[in-house]
Amino acid sequence: MGRPSNTAQRKQEIVFALLKVMSELGYEKASIQAIAREAGLASGLIHYHFKTKQEILISAVGWIVSAAEERLTSMQEGQQNPWDRLEAFINARLATGETQMPEIVSAWVVIAAESIRQQEVRDIYQDLVKTQLEMLSALLLEVWEGKSKVDEEVSHLSAIIVAAIEGAFQLSVTAPQAMPKNYSADTVIKLVKSRISAASINAMS
């Protein structure tokens, strides 16, 4: 019997189901049975498309990354000014709006935690962090074009932004009632402006 024509759709449904269950129960309690119930599929179909739960997790990470890239591309569309592109990057990660997916943020926090226990997930997570740092460094260098700058400052500020994004994700899931609403994007943007301004002044002095 050949593969069904809707294999890709079925896989996506399973990935979405894992993300939903993970956001509610965590990875360890996201059993194949729970994933199957959420997807409205038989457990056997889950095993047909994925050999292990970890395979679903790896696919889920890939989907989250693709969704984030699509949101970034959409928010950077038509932006020619380097600062506007940098601001769009931060907003794409942190700003609220119609394209925001809270359940995806919750699942991402669980995936980050899972990277502590699973080397394969850790490798993927670390590569993604490196990619974010490289993208931010390139944007910051564009912002600083024609100004005195220090490479170390660029790398440090990139790290600060990534840490702020990951921290905001963590707190939005673990302590949502304790944090101010819609604070993260504007706060990070103000922080970046302040650091860029201070670094430029120090470099000229």
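Remarks
- Exactly one residue among Glu114, Glu87, Glu120 is among the charged types (D, E, K, R), within 19 Å of Gln54 (Cβ to Cβ) and surrounded by 18 or more Cβ atoms within 10 Å (Cβ to Cβ), and that residue is Glu114.
- Residue that is modelled with the lowest pLDDT, among those in region 156-182 that are within 14 Å of Arg93 (Cα to Cα) and loosely packed, with under 13 Cβ neighbours inside 10 Å: Asn182
- Residues of region 123-155 satisfying the condition of being assigned to a helix (DSSP H, G or I), in contact with a helix residue (DSSP H, G or I) (Cβ under 8 Å, 6 or more places away or on another chain) and modelled with pLDDT under 85: Ile124, Glu153
- Of residues in region 183-205 being of a type in the set (Val, Ile, Thr) and closer than 18 Å to Glu145 by Cα, the one modelled with the highest pLDDT: Val192
- Test result for Ile104, within 17 Å of the chain's Cα centre (by Cα), crowded, with 17+ Cβ neighbours inside 10 Å and under 23 Å from Ile189 (Cβ atoms): yes
- Residue match in region 69-91 (condition: of a type in the set (Lys, Arg) and outside any helix (DSSP H, G or I)): no
- Condition check for Ile56: assigned to a helix (DSSP H, G or I) and closer than 14 Å to Glu114 by Cβ: yes
- Note on region 14-61: among residues that are small (Gly, Ala, Ser), under 22 Å from the mean Cα position of the chain (by Cα) and modelled with pLDDT of 85 or more, the one that is surrounded by the fewest Cβ atoms within 10 Å (Cβ to Cβ) is Ser59.
- Residues that are surrounded by fewer than 17 Cβ atoms within 10 Å (Cβ to Cβ), assigned to a helix (DSSP H, G or I) and out of contact with any Leu (no Cβ under 8 Å at 6 or more places or on another chain) within region 183-198 comprise Asp186, Thr187, Lys190, Leu191, Lys193, Ser194, Ser197, Ala198, listed in sequence order.
- The listed residues are Ile64, Ile35, and the only one of them that is part of a helix (DSSP H, G or I), farther than 19 Å from Pro102 by Cβ and either free of Cβ contacts under 8 Å to residues at least 12 places away in the same chain or not polar (S, T, N, Q) (or both) turns out to be Ile35.
- Scanning region 3-32 for residues that are free of Cβ contacts under 8 Å to residues at least 24 places away in the same chain and over 14 Å from Glu103 (Cα atoms) yields Arg3, Pro4, Ser5, Asn6, Ala8, Gln9, Glu28, Lys29, Ala30, Ser31, Ile32.
The values are calculated or read from the model by the stated rules, or taken from the named source; none is laboratory data. Predicted model, so just to flag it, every value in this text is computed and none were measured. When we count neighbours, we look across all protein chains shown, and the Cβ atoms used for this are built from the backbone with ideal geometry, even at glycine.
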